[in-house]
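So the structure is just underneath, and the comments pick up after that.
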Amino acid sequence: MYDDSVKREFCWPSDQTLLALAADERVGHLVVADPFRSYVLSAARRRPLNLVEDFTVGGRAATRARPYRLRKVDSTDLGTVERAYQRYGVLLGQALARARGEQEPRPESATLVTFHPFAAAFCDAPWISKIVYLGEDDWATGEGVRQWWDLYKEAYRRIDERKATIFAVSAELAGRLSPRAMVAANGVIADVWRPRYPAPPRIDELKRPRATYTGSIGDRLDKDLVELTASKVGSLIFMGPHRDSETIEWLRSIDNVHVFGPVGQRELAATVQACDVGLIPHRDQAGIRAMSPLKLYEYLSAGLPVVSVDLPPIHGVDDERVQICRREDWAAGLSRALSMERVDEERRQRFIDEVSWQQRMRPVVDAAVG
């Protein structure tokens with residue numbers, strides 16, 4: 001939901017696309033659509049059930065659409081999902097008409113920009129003039145959504161069949177979506193990562209060298225690589241949402257591992273800058289190989305060298321500062337990274353310019369409004 005974007009301080013591609021659209025003078029009426037929510041749960045929690053409301057995003061007036069249905073979770077039946085997202089398109093059309101002061105939305109009068117494959121595939125409302133889809137993850141191989149894999153594959157086929165403009169965060173994912181898909185990799189909020197920050201006190205007191213892993217903490221971690229790293233550094237710092245209690249318990253059982261919850265973007269930048277090497281010790285899974293690891297760009301924006309397992313989206317980002325390792329070479333790669341000097345400030349600033357969200361989102365916004 002939009003509320004989630006606010007909580008994470010607009011650091012994901014979907015968040016930054018929204019801000020870029022809000023800032024673009026070519027956009028007329030901006031309707032920000034939440035995913036389906038259960039009206040039963042919302043009523044039980046005494047939340048207001050407003051379908052449409054006015055609000056402000058990125059300094060401009062916009063309309064927020066908050067569609068509801070009986071169940072929050074999508075069905076695994078294709079026909080049911082098709083009907084649900086056709087209804088979703090109707091609800092968004094109602095919000096669009098209200099924003100324009102119309103009784104009904106004009107045919108082919110707005111662009112649907114979405115990050116959800118079901119919306120891109122099955123929303124078939126008359127008001128849609130074109131569709132822009134940006135794939136942040138490969139839903140058809142995600143470990144947590146296995147029961148929908150076949151539906152996501154069908155959605156990918158329909159998105160391509162509808163001639164939607166398709167972007168993906170990695171070349172690996174683009175190849176899975178469509179031969180026409182273009183790459184729009186992850187980036188960083190330049191104004192956050194550009195300054196140098198003092199080390200947060202709770203990090204400054206930890207023994208060096210310090211290795212760090214940021215982002216969701218769960219079962220994507222390779223335990224052998226984490227334990228090997230912990231044995232080679234003074235402190236190993238994990239910072240991010242806790243997705244798996246068993247993983248968190250295991251991490252906290254290692255003496256020099258320090259596990260923190262999510263923090264604001266500036267504290268995150270300060271924490272990463274106070275470390276000596278960034279880590280991507282992921283398991284080899286199809287979904288992971290299609291990701292564009294946001295942490296990679298954050299580590300490099302902080303000036304750190306990086307040690308990563310061999311994932312397609314890691315290649316070519318910074319072949320000098322990123323040590324891409326097979327599992328058996330991890331210790332040697334970590335040693336090489338720890339021996340590197342911190343990158344010079346001019347190079348760090350140049351990298352931030354290259355991977356800023358402003359740069360990354362430009363083709364997506366142009367596709368939506370150009």
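All conditions in (1) at pLDDT below 95; (2) over 29 Å from ARG202 (Cα atoms); (3) of a type outside the set (Lys, Arg) hold for VAL343, with the sole exception of (2).
Within segment 315-326, does at least one residue satisfy the condition of being among the polar types (S, T, N, Q) and under 18 Å from HIS282 (Cβ atoms)? Before the answer, list the steps.
First pass over segment 315-326, keeping only residues among the polar types (S, T, N, Q): 323.
Now drop any that are not under 18 Å from HIS282 (Cβ atoms), which leaves 323.
Among the residues of segment 315-326, at least one is among the polar types (S, T, N, Q) and under 18 Å from HIS282 (Cβ atoms), which makes the answer yes.
Here SER109, SER170 are screened, and the one residue that is within 24 Å of LEU21 (Cα to Cα), surrounded by fewer than 20 Cβ atoms within 10 Å (Cβ to Cβ) and polar (S, T, N, Q) is SER109.
Among the conditions (1) modelled with pLDDT under 95; (2) in contact with a Phe, Trp or Tyr (Cβ under 9 Å, 6 or more places away or on another chain), the only one that THR76 does not satisfy is (1).
Taking only segment 112-124 into account, find how many residues are out of contact with any strand residue (DSSP E or B) (no Cβ under 8 Å at 6 or more places or on another chain) and surrounded by fewer than 23 Cβ atoms within 10 Å (Cβ to Cβ). Adding up the residues that qualify gives 2. LEU334 falls short on exactly one of the conditions (1) crowded, with 20+ Cβ neighbours inside 10 Å; (2) at pLDDT 95 or above; (3) hydrophobic (A, V, I, L, M, F, W, C); (4) under 24 Å from ASP137 (Cβ atoms), and that condition is (4).
For segment 80-102, which positions are among the small types (Gly, Ala, Ser), farther than 19 Å from VAL145 by Cβ and either in a helix (DSSP H, G or I) or in contact (Cβ under 8 Å) with a residue 12 or more places away in the chain (or both)?
Scanning segment 80-102 gives GLY89, GLY93, ALA95, ALA97, ALA99.
For a quick check of your reading: which helices (runs of 4 or more DSSP H) sit entirely within segment 142-248 and have at least 2 residues that are closer than 16 Å to MET291 by Cα? If you could, list the steps in order and put the result at the bottom.
On the way: elements: 149-161, 171-177, 190-193, 201-204, 223-232.
Answer list for segment 142-248: 171-177.
Could you tell me whether SER216 is farther than 28 Å from ASP353 by Cβ and among the hydroxyl-bearing types (Ser, Thr, Tyr)? Spelling it out, it is not the case that SER216 is farther than 28 Å from ASP353 by Cβ and among the hydroxyl-bearing types (Ser, Thr, Tyr). For segment 103-118, the criterion of being under 25 Å from ASP3 (Cα atoms) and assigned to a helix (DSSP H, G or I) is satisfied by at least one residue. Of all residues in segment 271-295, those that are touching a strand residue (DSSP E or B) at 6+ places or on another chain (Cβ under 9 Å) and farther than 14 Å from GLU172 by Cβ total 13.
One line per residue, one yes/no per condition, for (1) at pLDDT below 90; (2) in contact with a helix residue (DSSP H, G or I) (Cβ under 8 Å, 6 or more places away or on another chain):
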| position | (1), (2) |
| --- | --- |
| SER14 | no, yes |
| VAL32 | no, yes |
| LEU41 | yes, no |
| ARG46 | yes, no |
| VAL52 | yes, yes |
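If a residue counts only when it is within 20 Å of the chain's Cα centre (by Cα), which strands (runs of 3 or more DSSP E) contained entirely in segment 263-370 have at least 1 such residues? Passing ranges, in order: 277-280, 306-309. Being crowded, with 16+ Cβ neighbours inside 10 Å, touching a strand residue (DSSP E or B) at 6+ places or on another chain (Cβ under 6 Å), outside the structural domain of GLU341 (by TED's automatic domain parsing) and not charged (D, E, K, R) is true of LEU177.
The values are calculated or read from the model by the stated rules, or taken from the named source; none is laboratory data. Just so it is clear, the structure is predicted and the values come from calculations on it, not from any experiment. Cβ: placed from backbone, ideal geometry, glycine included. Neighbour counts: every protein chain shown.
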